[in-house]
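The values are calculated or read from the model by the stated rules, or taken from the named source; none is laboratory data. Quick caveat, the model's predicted, so the values are computed rather than measured. Cβ placement follows ideal geometry from the backbone for every residue including glycine, while neighbour counts extend to all protein chains displayed.
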Amino acid sequence: MPLPTEFVIDGPPVSRQGSSRSRERWTRDVKNTASRQWGPNPPCAEAVRVEMTNFFHGSAPDLDNMAKPILDALKDVIYDDDSQVSDLVCRKRDRNGDVPIPSPSQILLERLGQPGPFVHVFVDYALNGGMAN
């Protein structure tokens, strides 16, 4: 499957500072969801950009603490290594308010129509031939 790809993970994200048990469960859920979406395709070898948005109720983890477990979970599924991520956009949006989203995808629109917290992840090739290590 060529990029771009996207998916949603139900529930609140687990921070990298959370318990090891909850981090392992969250990472497994992200990896399984990404694997179902990606299918049997080999991981991408090029530089990528990743956008993730936490749609939450109440409080949300710091963005930097949310990102690392997700990036780690995508390793060996969407890309070979998270060093390929040359562009990263992290957002958090409180679902209790009006959440303006320019040009939402069908996947995101469908999930926004349901209650509860979730994380939307979008991965594409890096912009302008982004450089990764």
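Observations
- Residues that are part of a loop (DSSP other than H, G, I, E, B) and among the small types (Gly, Ala, Ser) within segment 101-133 comprise SER103, SER105, GLY113, GLY116, ALA126, GLY130, ALA132, listed in sequence order.
- Screening the candidates ASN133, ASN65 for the property of being within 20 Å of GLN17 (Cα to Cα) and at pLDDT below 90 yields one hit, ASN65.
- Any hit, segment 91-106, residues being of a type outside the set (Lys, Arg), closer than 16 Å to LEU3 by Cβ and either over 13 Å from the mean Cα position of the chain (by Cα) or surrounded by fewer than 16 Cβ atoms within 10 Å (Cβ to Cβ) (or both): yes
- Residues satisfying the stated conditions in segment 21-58, i.e. at pLDDT below 95, over 12 Å from PHE118 (Cβ atoms) and touching a Lys or Arg at 6+ places or on another chain (Cβ under 8 Å): ARG23
- Cross-chain or 6+ apart pairs with Cβ under 8 Å, segment 1-20 first and at positive phi and modelled with pLDDT of 90 or more, then of a type in the set (Gly, Ala, Ser) and surrounded by fewer than 18 Cβ atoms within 10 Å (Cβ to Cβ): GLY11/GLY116
- Filter pass, ILE101 being in contact with an Asp or Glu (Cβ under 6 Å, 6 or more places away or on another chain) and β-branched (Val, Ile, Thr): no
- Options LEU74, LEU88: the member that is at pLDDT 95 or above, of a type outside the set (Val, Ile, Thr) and buried (at least 20 other Cβ atoms within 10 Å of the Cβ): LEU74
- Among residues that are out of contact with any Pro (no Cβ under 7 Å at 6 or more places or on another chain) and among the polar types (S, T, N, Q), SER15 is not included.
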